[in-house]
Amino acid sequence: MRALILGGTREARELAQLLQNDNWHVTSSLAGRVKEPALPVGEVRIGGFGGPAGLASWLLQEKVEVVIDATHPFAERISVSAAEATRATGIPLIALHRPAWVPQERDHWIPVASMAEAARVVARDYHHIFLTIGRQQLAAFSKDPHNLYVIRCVDTPEVDLPKRHRMIFSRGPFTLADEKQLMRDNQIDCVVTKNSGGELIRAKLDAARELGIPVVMVQRPELPGGPRIIEVHTAQEARDAVYKV
């Protein structure tokens, strides 16, 4: 049995291991945006397919029997390509996306629909902003000349940055104590993050809650759905689903 996992997440790596344990031939596809990504077991493919048509051609050439979209919830482009390619080829598609975070008591979340909206809100209302959004969309904040941005990411950004910024290069997971210390040391009065869900990086939300710091929460984009797409939330659920398609 041959499976393609569109990966880059912890859930994708867990699923690759589960399927390999079942003697599947697993190919994991990574976007290649991180210089030293955590690699799953099995065959790994780095880079794009050339849009939906290129992906469809690759699936047929490799005789793939099921596709699992286990990408980051904000990687909407590849999710759209996966939906279109599997629809064209008739290959089953399983969407493995972790549940979104929901606010808890004492959370002060400011929901926004886009990174551009997040940039407008923080430039207007805050002064020491903690950006934990990766590096691809940092340019949205680059036109603010006044406020200080503390930016945490894995690799060096290749986009325009705010005039006043402080870089922290680090890879999670992070502890609650570390997140609280970072926010105190940098006098953070606002956190900006994407609603990516999962437990691995939610300590920043717990720290913000305990310190009374607002969180500007960028909401998830609408991902493809439909009667032929099976939606699951964990690697084990995805593993079970591949035997039902």
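Worth pointing out:
- Counting only residues that are hydroxyl-bearing (Ser, Thr, Tyr), surrounded by 21 or more Cβ atoms within 10 Å (Cβ to Cβ) and not in a strand (DSSP E or B), region 188-245 holds 1 of them.
- Pick from region 195-242, criterion under 16 Å from the mean Cα position of the chain (by Cα) and basic (Lys, Arg), ranking: modelled with the highest pLDDT: Lys204
- Selection status of Pro162, more than 24 Å from Glu14 (Cα to Cα) and in contact with a Phe, Trp or Tyr (Cβ under 6 Å, 6 or more places away or on another chain): yes
- Scanning region 63-98 for residues that are part of a loop (DSSP other than H, G, I, E, B) and either farther than 19 Å from Gly197 by Cα or open to solvent by less than 60 Å² (accessible area, probe 1.4 Å) (or both) yields a count of 13.
- Of the strands (runs of 3 or more DSSP E) contained entirely in region 99-186, those carrying at least 2 residues that are crowded, with 16+ Cβ neighbours inside 10 Å and either more than 17 Å from the chain's Cα centre (by Cα) or modelled with pLDDT of 95 or more (or both) fall at 109-112, 128-132, 148-153.
- Taking the listed residues Ala12, Ala38, Ala3, Ala16, the one that is open to solvent by less than 70 Å² (accessible area, probe 1.4 Å), in a loop (DSSP other than H, G, I, E, B), closer than 24 Å to Gln236 by Cβ and not β-branched (Val, Ile, Thr) is Ala38, with no other qualifying.
- Criterion: open to solvent by 50 Å² or more (accessible area, probe 1.4 Å) and of a type in the set (Gly, Ala, Ser) - qualifying residue of Gly50, Gly54: Gly50
- Residue check for Ala100: in contact (Cβ under 8 Å) with a residue 40 or more places away in the chain, within 23 Å of Lys180 (Cβ to Cβ) and either of a type outside the set (Lys, Arg) or assigned by the TED database to the domain that holds Leu182 (or both): no
The values are calculated or read from the model by the stated rules, or taken from the named source; none is laboratory data. What you see is a predicted model, and the numbers here were worked out from it, not measured in a lab. Every residue, glycine as well, gets a Cβ built from its backbone with ideal geometry; the counts of neighbours run over all protein chains shown. Areas reflect the complete protein model, heavy atoms only, side chains present, ligands, DNA and RNA absent. Shrake-Rupley method; radii C 1.70, N 1.55, O 1.52, S 1.80 Å.
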